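Heads up, the thing below is written out as structure tokens.
No lab work stands behind these numbers, since they all come straight from the coordinates. Quick caveat: nothing in here was measured; it's all calculated off a predicted structure. Cβ placement follows ideal geometry from the backbone for every residue including glycine, while neighbour counts extend to all protein chains displayed.
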Amino acid sequence: MARARLKAKHQAMLRRKLWQLKQEQAEEFGVAGTPLFPSAEGIKTEAEDSRTLEEGKVSEGEDTQERKQPEAPCEEAGSSAGVSGTKAQESETLIAEEDLLEQAYLDYESGRYSPKLFKTMDFSEEHVVTAEEDSAKRVANRERVLSGETLVSDYSEIEMQRKVDTDGIATEEYNFNSEVTIEHQDLLWKEKYRPRKPRFLNRVHTGFEWNKYNQTHYDTDNPPPKIVQGYKFNIFFPDLIDKRKTPTYSLKPCQDNKDFAILRFHGGPPYEDIAFKIVNREWEYSWKHGFKSQFNNNILQLWFRFKRNRYRR
């Protein structure tokens, strides 16, 4: 009951406030009956608003009289009267809410704008605008790729050295260029793009292995022969067609000699696969020992060291 009465009072106050705003608007512009929202249609007239205001005042007076009157001794009579009063107030509340919603819908319909969606097939070629500079650049890039030219200038030895490592070559590192020819390469895209091999800057890390035998037979003045302890591969892919696919590598032992393996790099069009023959030993995959496998700035870097076997008594 209390909630229903409170809601009815709230609706009456809203109607009174709306009527006051309309009166102020009419006095300001000197136009009687001007609606609060000019875009809306079907809004109640000023007479209807005054009538609703009087009904609100009457409902307030009835509510105050009901509060002043003592409760009826008969429970059935009180319950029936309360139910009828609640229904009446609920109906008034619903009517007021519906009016406000209807007014909001009318304002939305009168003030909104939704552009119409057209399809490309609805337009003719005369209405389609294309950027001539962009289309010319795309055509030029396609022709250069088909002719085998690189879109990016080839790296020189100094530029490759600068991009790979700013510290320079270590004392125990040497250039490594033992490339292996790959006989069968089934390239599905060779008719569309001219295949070419990527450039590379590889290094091999060598050093001494001071095991028990070498410690017995050699010393610092007469050191043992150097062995391969790791590699650094830097393969350049500046003109990859699909930048989303990262170049990969695979390792396969040699059939004739198990002490060596073939390390093959696959980049994608327009680059052919490239392979190198390396020592077949177990790799050290810890970053503490210098392992690196990443593709950054169009350079595939694979740096690794071999595991060192340590013997204990």
Residues whose built amide H sits under 5 Å from the amide H of Glu209, excluding neighbours closer than 5 in sequence, are Ile227
What dipole magnitude, in Debye to the nearest 20, does the range 155-306 give about its Cα centre under +1 on Lys/Arg Cβ and -1 on Asp/Glu Cβ? 580
5 Å is the cut-off here: which amide hydrogens, built 1.01 Å from N in the peptide plane, fall below it relative to Asn280, excluding neighbours closer than 5 in sequence? Phe260, Ala261
Please sort by residue number the trypsin sites (Lys or Arg not before Pro) in the range 246-297 whose DSSP state is loop and whose Cβ has at most 15 other Cβ atoms within 10 Å. Lys258
Residue span Glu102 to His127: 0.36 nm per residue of separation minus Cα-Cα distance leaves a gain in nm of 4.8 nm
Greater than 19 Å separation of Cα atoms is the criterion. Which listed pairs, Lys212/Lys277; Lys245/Lys277; Lys212/Lys288; Lys212/Lys307; Lys137/Lys245; Lys212/Lys292, meet it? Lys212/Lys277; Lys245/Lys277; Lys212/Lys288; Lys137/Lys245; Lys212/Lys292
Could you check the simple spin-label distance between Leu6 and Phe29, using points 7 Å along Cα→Cβ, in nm with one decimal? 3.7
How long is the gain from Lys137 to Arg16 if the chain were fully straight, where each residue apart is worth 0.36 nm and the alpha carbon distance is subtracted? 36.7 nm
Rounded, prolate or oblate: which fits the range 243-306 when a ≥ b ≥ c are the square roots of the eigenvalues of the alpha-carbon gyration tensor, with rounded for a/c under 1.5 and prolate only if a/b beats b/c? oblate
Kindly put Arg305, Arg138, Arg5 in sequence by how many other C-beta atoms sit within 10 Å of each C-beta, fewest to most. Arg138, Arg5, Arg305
Starting from the Cα gyration tensor of the range 155-306, take the square roots of the eigenvalues, sort them a ≥ b ≥ c, and report rounded, prolate or oblate (rounded when a/c is under 1.5, otherwise prolate if a/b is larger than b/c, else oblate). prolate
